[in-house]
Amino acid sequence: MNPLSVSRRRRLRACGAACAAMACAVALGAATPAHAFSGGNHEKITRAALGPGGWHPNSLTAMADGNSGAIVANDHGEYFGIGKLHCDNADYLDPRYDSRYPRTREQSNAEIIDCVEGSIDHVRRAVAAADRLVDANGRVIAAQTSISPACSWNDRPGRAKCEVLEDLGRGWHQIEDFYAHSNWVDQAGPGAIGVKNPPGLGRTDLPAFFSIGRYSSMSRADWVKDATGHIPHDLATGCYPDRDHSGTVSNCTGRTTHDGVLNKDTKDSPRSVVAHNFDHAYDLAVKDIARQWKDFKNELQRRYPNNGRAQAMICAITHDHPDKTCS
C-alpha cells in the first residue's frame, strides 16, 4: 500500500493537541470516555458476524479482539477524536419538535456522508492491499500473509494481511458505531419528543446508504447522490465533542448529545434500556458486518477474477497459516 494520502495526513495533522492528548492517555493505559460500543461489544458483534464464515481463531482474534483487534483501532490514539470514524455529530431535530434547533437536515446529512465516505476509503484500501496477498498465479505469499509477530494498527505500510485487516476493521468500526450512536433502531423514551428525547425510527432494515461494497466502485458524485437519497428525514446521531467533517470540534450546546441521550454503547445507558434499544442496535450491527464481509468478498471477485486469485485472497485473510492451507 502506498504511504498515507495527502488528505489523510492533513486530517491527522488537523486533529491537533486534543487528539495527541488522547493518544498519550491510551499509551499510558488511561481510560477514555464512552464514545462507541464498548470494546467488548465491538468484539462480540464482529465475532458473531464473521465467526460462521470460516475464520481461523488467530485471524479472527486479530480482527475482532476488543482490546487490541483491528475493529477497535479507531478507538485508540488520534483516531478517537475524528467524528467520522464513529458516525458522530449528525444530530437533527425537525422544527415540529423544536423550531430553534441549531442544526439543519443538510448539516446532518453531511456528517452521515462523511461517515460513509470514511468506510468507503478504508474498504478501497483493503481491496488494493489484497492484491499483495497472492502472486499472479493465485499462490499465497507467505511473507505477506503472516500475522506473527502481531500486526500493528498504525496506518502505515506493512504486511498485506495486516493492512487488509486494519482497513476492514477501521472501515467497519463506524458502521457498528452507527447503530449505537443513532436513532435508526430506536424507540424514544416516555414523554415529549425534544432535544433530550429525540424521535426513534424503529427500523429493522439495513441502511441502503451503507452499501459500501457497491459504492467503492462508483464515482463520489454518484454514490453521494444515491446515499443522500436514502437518509430518512428524522435520522440523527448524537453530538460529541470531537472533530466534525469540517475539522471543527463540535460545540454540543443546545444539541442532542451522544452522552446521556442517544448512545447505546453499553446495555445500561438511558437510551439502551428503552424498549430493548441496545439489543436491537447490537443485532442489526451484527447483520450489517456480515453484509459488509460478503460484499467485500464479492468486490474481490469482481476486481481479481483471474487464476482463482480472489478465492485465494479470501482464504489468506481468514486462515491462520494460509501458505500451508490455502493451496
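Per-structure values
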| quantity | calculated |
| --- | --- |
| Proxy reagent accessibility, fewest Cβ within 10 Å first, across HIS230, HIS280 | HIS230, HIS280 |
| Largest-first ellipsoid semi-axes for the range 161-210, taking √(5λ) over the Cα gyration tensor eigenvalues, angstrom | 31, 11, 7 |
| Fewest-first sequence of SER152, SER182, SER99 by Cβ atoms within 10 Å of each Cβ | SER99, SER152, SER182 |
| Per-residue [θ]222 nm for the chain (sum of -39500 (n - 2.57) over DSSP H runs n ≥ 4, rounded to 500) | -14500 deg cm²/dmol |
| When the convex hull of its Cα atoms is projected in every direction, mean area for the range 6-325 (nm²) | 15.7 nm² |
| Extension gain (nm, one decimal) between ARG303 and THR204, 0.36 nm per residue minus Cα-Cα | 32.5 nm |
| Listed pairs LYS225/LYS294; LYS44/LYS267; LYS267/LYS297 exceeding 22 Å between Cα atoms | LYS225/LYS294; LYS267/LYS297 |
| Inter-site label distance for LYS287 and HIS230 at 7 Å from Cα along Cβ, in nm | 1.4 nm |
| Signed unit charges on C-beta, dipole axis of the range 239-286, positive-most listed residue SER250, LEU284, THR266 | SER250 |
| Förster radius 30 Å - calculated FRET efficiency between ALA128 and GLN107 (Cβ-Cβ, nearest 0.05) | 0.40 |
| For the range 108-200, alpha-carbon Rg and Dmax in angstrom | 19.1, 63 |
| Nearest-20 debye value, the range 38-133 charge dipole, Cβ charges on Lys, Arg, Asp, Glu | 220 debye |
| Under the span-like rule (Cα at least 27 Å along the axis, Kyte-Doolittle mean at least -1.0), DSSP H helices of the chain | 105-130, 160-181 |
| Gain upon complete extension [LYS324, VAL249; 0.36 nm per residue less C-alpha separation] | 22.1 nm |
| About the Cα centre, charge dipole magnitude for the range 6-325 (Lys/Arg +1, Asp/Glu -1 at Cβ), debye | 720 debye |
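Every number in this text was worked out from the coordinates using simple rules, so none of it is lab data. Since the structure is predicted, the reported quantities are computational estimates derived from the model, not experimental observations. Backbone-built Cβ (ideal geometry, glycine too); neighbour counts: all protein chains shown.
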